[in-house]
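Beneath this line is the structure, given in structure tokens, with notes to follow.
The values are calculated or read from the model by the stated rules, or taken from the named source; none is laboratory data. Treat the numbers as computed from the prediction; the structure is a model and nothing was measured. Please note: Cβ atoms are built from the backbone with ideal geometry, for glycine as well, and neighbour counts cover all protein chains shown. Note: areas computed on protein heavy atoms with side chains; ligands, DNA, RNA excluded. Shrake-Rupley method; radii C 1.70, N 1.55, O 1.52, S 1.80 Å.
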Amino acid sequence: MVTTAEHPHAELVSRLLDAFARQDREKIVAAIAEDCVWRVPGNNVLAGEYAGRAAVLSLFGRLKRLFTGPAQFEIIDVAVSGERAISYQYGTVVVGGRTVRLKECLVFRVDGGQIVEVDEFQFDQHTFDEVFALDPLPTGAS
């Protein structure tokens with residue numbers, strides 16, 4: 001496994017996280033394949049498998065509604081291989097006025113320069129579940 005910020009997979013992950021933090025939908029769409037599958041662990045309102053770009057964008061929309069402040073990502077390291085990039089990072093978010101800094105690992109599978117699969121792993125799953133236990137808006141609400 002190679003660890004370098006110069007690798008195209010690492011750059012793609014950085015672009016996606018930056019676009020998500022800046023809420024740049026155009027760049028998010030460009031990074032995610034039409035048939036992308038994104039999996040969120042745990043027992044919370046976000047947990048589950050999101051199949052297809054529309055479902056992943058719906059997940060991101062739900063996150064946007066839950067956040068009461070900007071999301072920030074601090075990438076500690078990115079490891080890459082032929083088809084994967086693994087981002088070891090901190091995500092800092094504000095939910096319900098509470099600032100939470102979560103250590104996480106996201107495993108991205110890349111094909112054709114786009115993200116086709118993501119598995120999230122939370123270092124402190126209990127806190128992640130607690131923070132995202134309640135959804136202030138029903139699914140599909142704006």
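Quick check, is residue 85 surrounded by 14 or more Cβ atoms within 10 Å (Cβ to Cβ), free of Cβ contacts under 8 Å to residues at least 60 places away in the same chain and either within 21 Å of residue 16 (Cα to Cα) or touching an Asp or Glu at 6+ places or on another chain (Cβ under 8 Å) (or both)? When the stated conditions are applied, residue 85 does not pass them. If you go through segment 82-118 and keep only what is farther than 19 Å from residue 64 by Cβ, of a type in the set (Gly, Ala, Ser) and touching a strand residue (DSSP E or B) at 6+ places or on another chain (Cβ under 8 Å), you end up with 85, 87, 112. Regarding residue 95, is this residue without any contact (Cβ under 8 Å) to a residue 40 or more places away in the chain and open to solvent by less than 80 Å² (accessible area, probe 1.4 Å)? Spelling it out, residue 95 is indeed without any contact (Cβ under 8 Å) to a residue 40 or more places away in the chain and open to solvent by less than 80 Å² (accessible area, probe 1.4 Å). So, residue 60, is that one assigned to a helix (DSSP H, G or I), modelled with pLDDT under 95 and touching a helix residue (DSSP H, G or I) at 6+ places or on another chain (Cβ under 9 Å) or not? When the stated conditions are applied, residue 60 passes them. Take residue 35 and tell me if it is in a strand (DSSP E or B), acidic (Asp, Glu) and within 12 Å of residue 13 (Cα to Cα). No, not satisfied. Just the residues that are more than 15 Å from residue 41 (Cβ to Cβ) and under 12 Å from the mean Cα position of the chain (by Cα), please, taken from segment 94-109. Selection gives 108 alone.
For segment 120-137, the set of residues classified as open to solvent by 40 Å² or more (accessible area, probe 1.4 Å), at pLDDT 95 or above and not in a helix (DSSP H, G or I) consists of 121, 123, 124, listed by residue number. Restricting attention to segment 24-55 and to residues that are of a type in the set (D, E, K, R) and free of Cβ contacts under 8 Å to residues at least 60 places away in the same chain, the residue that is surrounded by the fewest Cβ atoms within 10 Å (Cβ to Cβ) turns out to be 26.
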